[in-house]
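Since every read-out is calculated from the coordinates, none of them should be taken as a lab result. Just so you know, these numbers come straight off a predicted model, no measurement behind them. We place every Cβ from the backbone using ideal geometry, glycine too, and count neighbours over all the protein chains shown.
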């Protein structure tokens with residue numbers, strides 16, 4: 001079996017309407033589909049929900065569930081908030097910078113533009129507390145080739161030592177210089 005593509009990724013939301021409006025307004029996503037049921041199809045549990053689908057571009061779908069009878073949303077407090085995030089690709093650094101300005105003008109705090117050597121990105125939160133990233137690829141074919149050549153060695157070293165391997169240290173050397 002070979003996976004064809006991501007069908008959708010689903011997260012929980014606090015308010016379905018607010019979530020759709022936010023993604024349409026701030027990230028220009030199209031509202032694709034809504035499904036609402038009083039029973040969960042897979043488990044048959046009596047639990048009403050609203051399931052929303054938004055077009056994240058390129059055949060990718062971002063979905064949300066509003067669960068009014070469940071306890072309030074939380075997050076994994078043992079995982080730093082920078083780890084769990086949804087990253088979307090944009091077409092250019094100019095788009096990234098323009099979106100940052102638009103978000104900030106709407107009162108949404110934005111971190112970045114952060115330079116990751118092979119891409120640049122900004123970070124912010126949606127109204128549900130999900131961390132989002134917009135990223136623009138800036139790497140060269142040579143950079144991606146160098147990273148591809150060391151990925152398995154890096155993974156093996158990490159699995160044995162739990163320390164950051166130095167195979168791709170060139171990506172961050174400029175940050176370490178005075």
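So the values come out like this:
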{"quantity": "CD proxy at 222 nm, helix term only [per DSSP H run n ≥ 4: -39500 (n - 2.57); per residue of the chain; nearest 500]", "calculated": "-9000 deg cm²/dmol"}
{"quantity": "Relative exposure of 136, 13, judged by other C-beta atoms within 10 Å (fewest first)", "calculated": "136, 13"}
{"quantity": "Which of 110, 150 has the fewest Cβ neighbours within 10 Å, and the rest in rising order", "calculated": "150, 110"}
{"quantity": "For the stretch 59-152, the fraction of alpha-carbon pairs in successive 10 Å shells from zero, as %", "calculated": "13, 36, 33, 15, 3, 0"}
{"quantity": "Nearest-ten-degree value, helix 141-161 long axis tilted from longest Cα axis of the chain", "calculated": "80 degrees"}
{"quantity": "Tail fraction, Cα-Cα pairs, the stretch 1-69, threshold 17 Å, whole percent", "calculated": "45 percent"}
{"quantity": "Fraction of antiparallel bridges per DSSP, the chain only, in percent to nearest 5", "calculated": "70 percent"}
{"quantity": "Geometric extent, Cα atoms of the chain - Rg, Dmax (angstrom)", "calculated": "19.4, 60"}
{"quantity": "Fewest-first sequence of 100, 146 by Cβ atoms within 10 Å of each Cβ", "calculated": "146, 100"}
{"quantity": "Angle in degrees between helix 16-27 and the longest Cα principal axis of the chain, rounded to the nearest 10", "calculated": "40 degrees"}
{"quantity": "Principal-axis tilt of helix 93-105 within the chain, Cα atoms, nearest 10 degrees", "calculated": "50 degrees"}
{"quantity": "Contact order relative to length of the stretch 1-69, as percent, for alpha carbon pairs under 8 angstrom and 6 or more apart", "calculated": "38 percent"}
{"quantity": "Percent of Cα-Cα distances greater than 20 Å, calculated over the stretch 43-100", "calculated": "55 percent"}
{"quantity": "Cα-derived Rg to Rh of the stretch 84-139, Kirkwood definition", "calculated": "0.95"}
